[in-house]
């Protein structure tokens, strides 16, 4: 018999309701890369206007992006990551690295560098108590209290 998971594990399902769409993830990727205006995103992604408008509206309505007016006549806006959106960075990096490792085959991947010193970045889990990194097999879970 499989044990029931606590309802807190539904956070993955709730998250995927917002960002689990291919276009949404690509919009986020491009915003992280510095594309902030509608037309920059549309051209860069090759996405249809209505699809992009829908994805941006969802990201703004959920608090992942904020819409900032940069021109009055006609009104023009750019889309910036909120703190909530910035916290998605490790998830996007993990997906990118997984895809580079398992799906890229002979295609060139991407190396992420620390802007300040140029060192290639590593991604992992860090325990502040033990002051060490560890892998996913060393993780256990428990429900949080309300």
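Descriptive notes on the structure:
- Under the criterion of Cα pairs below 8 Å and six or more residues apart, the relative contact order for the range 7-108 equals 22 percent.
- Paramagnetic label zone (point 7 Å from Cα along Cα-to-C-beta, residue 94; backbone N under 15 Å) in the range 12-32: 12-16, 19-20
- Rounded tilt (10° steps) of 49-61 against the dominant C-alpha axis of the chain: 60
- Each Cα pair under 8 Å and six or more residues apart adds its separation to the average, and for the range 65-146 the resulting relative contact order is 13 percent.
- Taking other C-beta atoms within 10 angstrom as a stand-in for reagent exposure, 70, 77 fall in the order 70, 77, fewest first.
- In the chain, the longest principal axis of the Cα atoms and the axis of helix 89-102 are about 80 degrees apart.
- Taking the longest Cα principal axis of the chain as reference, the axis of helix 22-32 is set at about 80 degrees.
- 10 Å-binned pair-distance histogram of the range 7-108 (Cα, whole percent): 14, 44, 31, 10, 2
- If the segment from residue 16 to residue 39 were pulled out straight at 0.36 nm per residue, it would be longer than the present Cα-Cα gap by 5.7 nm.
- Stretching the chain fully between residue 57 and residue 25 yields a gain of 10.1 nm (0.36 nm per residue, less the alpha carbon separation).
- Theoretical ellipticity at 222 nm over the chain - DSSP helices of four or more residues, -39500 (n - 2.57) apiece, nearest 500: -12000 deg cm²/dmol
- Theoretical FRET efficiency, 1/(1+(r/R0)^6), r = Cβ-Cβ of residue 71 and residue 134, R0 41 Å, to 0.05: 0.25
- Cα centroid of the range 65-109 to Cα centroid of the range 22-57, whole Å: 9
A short reminder: the numbers here are calculations on the coordinates, not readings from a lab. Predicted model, so just to flag it, every value in this text is computed and none were measured. Neighbour counts are summed over all protein chains in view; Cβ atoms, including those assigned to glycine, are modelled from backbone coordinates with ideal geometry.
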